[in-house]
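Scroll down for the structure; my scribbles are underneath it.
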Amino acid sequence: IDYADRGKPQSTSTPSSRPTEQPLVAVVMGSDSDLPVLQPGFAILNKFVIPFTTRITSAHRTPSWMAEFASSAASNGIKVIIAAAGGAAHLPGMTAAYTSLPVIGIPVKPTIGDGMDSLLSICNMPKGVPVATVSVNNSINAALLAARILGVSDMSVRKRVEQYVHDSEAEVREKDRRLLD
Ligand code: RP5
């Protein structure tokens, strides 16, 4: 992880589909311990050929850097932010407070408890500061929601979303067919 330029989103060693391209999605996490939860979401972003960048920036451990990142994300070309945190999960809400971009929050299951504290910390925002919250550890839905948001104005992404929906339905129908065999 490159900590050298803290103002601009940077790619990490986490594989991005087209790292040389302008990232459209920034995936931020409170700790590197959140990374395993985020991997399935990275796979979705790669599958949809959505360039993304990843950052570890904590609302508690690096508050000013987090604020700097969030407030400059839009001017750095980011369209959607996915923010993951566990426990006292303030990162998604604080990120939303510093940007007008859509923020999708992923509650991460902490070492203590079932993740309900993370979930409520992220979704129970005051009126005026929305965070679109997915279920605990559900980085796949966060990535899919980011793709749907981008698909509003990017036809190539929308087509991949539609293909994904089509393939999902075909998969369920196939499982149902096998059940009857
Ligand atoms: C949060 O605290 C992180 O997002 C992580 O989910 C949790 C625990 O962090 P570590 O103590 O593992 O670094 O800020």
- Item | Qualifying aspartates and glutamates (Cα of each under 20 Å from Cα of residue 127; at least 8 residues distant if same chain) | 117
- Please list the non-local residues whose amide H lies under 5 Å from the amide H of residue 105, H modeled 1.01 Å from N, same-chain partners needing a gap of 5 or more. 83, 132, 133, 134
- Item | Karplus-derived HN-Hα couplings along the range 38-49 (A = 6.51, B = -1.76, C = 1.60, θ = phi - 60°), whole Hz, x at Gly and Pro | 7, 4, x, x, 4, 4, 5, 4, 5, 4, 8, 6
- Give the distance, in whole Å, between the Cα centre of the range 125-181 and the Cα centre of the range 26-71. 19 Å
- Item | Set of lysines near residue 175 by C-alpha distance (under 26 Å), chain-local residues within fewer than 8 positions excluded | 47, 159
- Task: For the range 63-77, just list the computed ³J(HN,Hα) in residue order, Karplus coefficients 6.51, -1.76 and 1.60, θ = phi - 60°, integers in Hz, with x standing in for Gly and Pro.
- Result: x, 6, 5, 4, 5, 5, 4, 5, 6, 9, 4, 4, 6, 8, x
- Do the sum for the chain: with -39,500 (n - 2.57) for every DSSP H run of n ≥ 4, divided by all residues, what is the mean residue ellipticity at 222 nm, to the nearest 500 deg cm²/dmol? -13500 deg cm²/dmol
- Considering the chain as a Gaussian network with a 10 Å cut-off on Cα pairs, which listed residue, 68, 21, 171, attains the greatest mean-square fluctuation? 171
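Taking 37 °C and 0.692 mPa s as the conditions, I'd like the Stokes-Einstein D for the range 29-181 in µm²/s, using the Kirkwood hydrodynamic radius from alpha carbon pairs.
Estimated via Stokes-Einstein, D reaches 203 µm²/s.
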- Note on the structure: With +1 on the Cβ of every Lys and Arg and -1 on the Cβ of every Asp and Glu, the dipole magnitude of the chain about its Cα centre, in debye rounded to the nearest 20, is 280 debye
- Item | Dipole-positive endmost among 107, 164, 135 within the range 103-164 (Cβ charges, Cα centre) | 164
- Note on the structure: the range 22-181: relative contact order from alpha carbon pairs under 8 Å, six or more residues apart, as a whole percent, is 22 percent
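Just so you know, all these numbers are worked out from the coordinates, no wet-lab data involved. What you are looking at is a predicted structure, and each value in this text was computed from that prediction instead of being measured. Cβ atoms come from the backbone with ideal geometry, glycine included; neighbour counts cover every protein chain shown.
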